[in-house]
2 protein chains.
Amino acid sequence: MSKGLLIVVSGPSGAGKGTICKELLNELDLNISISATTRNPRIGEVDGENYFFITKDKFQDMLLEKQFLEHAEVYGNYYGTPKSNVLDMLEEGKDVLLEIDIQGALSVKEIYPDGVFIFILPPSMEELKNRIEKRGTETKEAMLNRLESAYKELKYVFKYDYGVLNDTVESAVDNIKAIIKAEKCKVNRQKNLIKNIEEV
Amino acid sequence: MSKGLLIVVSGPSGAGKGTICKELLNELDLNISISATTRNPRIGEVDGENYFFITKDKFQDMLLEKQFLEHAEVYGNYYGTPKSNVLDMLEEGKDVLLEIDIQGALSVKEIYPDGVFIFILPPSMEELKNRIEKRGTETKEAMLNRLESAYKELKYVFKYDYGVLNDTVESAVDNIKAIIKAEKCKVNRQKNLIKNIEEV
């Protein structure tokens, strides 16, 4: 059996990776990884389902033992993608979708370069501005900061395998579905090709 | 403007690359290259349309000047894919489909490694045998020779980017369409990605 694909969807904030990943999960048979976090569960959140809720000590231990594919600190809380969870699914031939920021994606690439690294690009800075504005949850200054940092992040696209323009969700999802299908045809992902033919 | 893709569809005889390429030409906006040949035109064949009909001297000159992407001798006649013709189309952003045998594909890869190299595999040796038998144009011995050489050729799949199983024409064509779409999303094929975003 061939290994599953690790599909990493990443890009600057406001590029629309969340919406795209939701649609991919609807349309394809993809698995997601459950993150570990040190923050407290919110009402209705279930341990082992929404997150693995762990203590800071446990998180530190896991970090030292290099048990994360990537991790980040957000507002004093730690979040991480447990390595074993993801690698087990891949070994079982299951495809795994990871939606993460650029720093996280680059860390995953170092540990698992066999992944498929997809960068979502906004169709224009104008459109990115509109999208960030629409969220309306931020001050004008915070928004401008976010826009500037998104712009700086664009240059990281060259560290990725694929760059997908999010002009419409449909076309972006369509392109990513094609990328997944194509990656499964790659010769170096299906070493049993000839063996299977011999066996018949 | 991004360059066009050079899509090389290749594989052992009997794998079904001809049928697949015909269907691809029906469904996609692909260009084909016109081969040069030293054989005489058959009735109805038009110079510059079916082939460029040239003399052996001219062919030899072109060979010496490295004007072919690949060439072959078949029953004393020479066939070649003129380089300039193909490269011009690619520069103009046109995608070019080349259906060629394995030796030809490897020669193209040396000259133009940026191409997309796709190897068509028969679903099984049994099926390959059936297909070659169905043609019914050969003696049993010739058929067995062809089958043996097709089998030996399978190992060349590892020199290609993609291996596409031809279990049905539909699924093979579907996979190749996905490969073409995915290749167009490759970061290294669209260097203007960020530039386009800045310009808006």
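Key figures for this structure:
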{"read-out": "Residue under evaluation B:Phe59, criteria (1) surrounded by 14 or more Cβ atoms within 10 Å (Cβ to Cβ); (2) in a helix (DSSP H, G or I); (3) at pLDDT below 95, criterion not met", "value": "(3)"}
{"read-out": "Qualifying residue in the range B:65-75 (condition: outside the structural domain of B:Leu25 (by TED's automatic domain parsing), of a type in the set (Gly, Ala, Ser) and on the phi > 0 side of the Ramachandran plot)", "value": "no"}
{"read-out": "Complete set of residues in the range A:148-183 that are free of Cβ contacts under 8 Å to residues at least 24 places away in the same chain and over 14 Å from B:Ile197 (Cα atoms)", "value": "A:Phe158, A:Thr168, A:Glu170, A:Ser171, A:Asp174, A:Asn175, A:Ala178, A:Lys181, A:Ala182"}
{"read-out": "Count of the range A:64-118 residues which are among the small types (Gly, Ala, Ser) and closer than 24 Å to B:Lys184 by Cβ", "value": "2"}
{"read-out": "Tally, over the range B:32-56, of residues that are crowded, with 16+ Cβ neighbours inside 10 Å, of a type outside the set (Val, Ile, Thr) and within 19 Å of the chain's Cα centre (by Cα)", "value": "5"}
{"read-out": "Sole exception among (1) more than 29 Å from B:Thr168 (Cα to Cα); (2) aliphatic (A, V, I, L, M); (3) touching a Gly at 6+ places or on another chain (Cβ under 8 Å) for B:Ile102, by number", "value": "(1)"}
{"read-out": "Matching option when the condition is basic (Lys, Arg) and over 26 Å from A:Pro12 (Cβ atoms), among A:Lys109, A:Lys58", "value": "A:Lys58"}
{"read-out": "In the range B:153-197, residue nearest to the other protein chains (Cβ to nearest Cβ) [restricted to those that are in a loop (DSSP other than H, G, I, E, B) and either in contact with an Asp or Glu (Cβ under 6 Å, 6 or more places away or on another chain) or surrounded by fewer than 17 Cβ atoms within 10 Å (Cβ to Cβ) (or both)]", "value": "B:Lys191"}
{"read-out": "Residue check, B:Leu69 over 28 Å from B:Glu170 (Cβ atoms) and either part of a helix (DSSP H, G or I) or of a type outside the set (S, T, N, Q) (or both)", "value": "yes"}
{"read-out": "Of all residues making up the range B:110-152, the number that are assigned to a helix (DSSP H, G or I), away from every other protein chain (no Cβ under 14 Å) and either more than 21 Å from B:Gly163 (Cα to Cα) or among the aliphatic types (A, V, I, L, M) (or both)", "value": "11"}
{"read-out": "Conditions (1) of a type outside the set (Asp, Glu); (2) in a helix (DSSP H, G or I); (3) within 25 Å of A:Tyr151 (Cβ to Cβ): number failed by A:Met89", "value": "(3)"}
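This table checks each residue for (1) in contact with a strand residue (DSSP E or B) (Cβ under 7 Å, 6 or more places away or on another chain); (2) at pLDDT 95 or above; (3) of a type in the set (Lys, Arg).
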residue: B:Asp161; (1), (2), (3): yes, yes, no
residue: B:Ala172; (1), (2), (3): yes, yes, no
residue: B:Lys181; (1), (2), (3): no, yes, yes
residue: B:Cys185; (1), (2), (3): yes, yes, no
residue: B:Arg189; (1), (2), (3): no, no, yes
residue: B:Asn192; (1), (2), (3): no, no, no
residue: B:Asn196; (1), (2), (3): no, no, no
residue: B:Val200; (1), (2), (3): no, no, no
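The values are calculated or read from the model by the stated rules, or taken from the named source; none is laboratory data. Given the structure is predicted, the values throughout are model-derived calculations rather than measurements. Because the Cβ atoms are built from the backbone with ideal geometry, glycine has one as well, and the counts that use them run over all protein chains shown.
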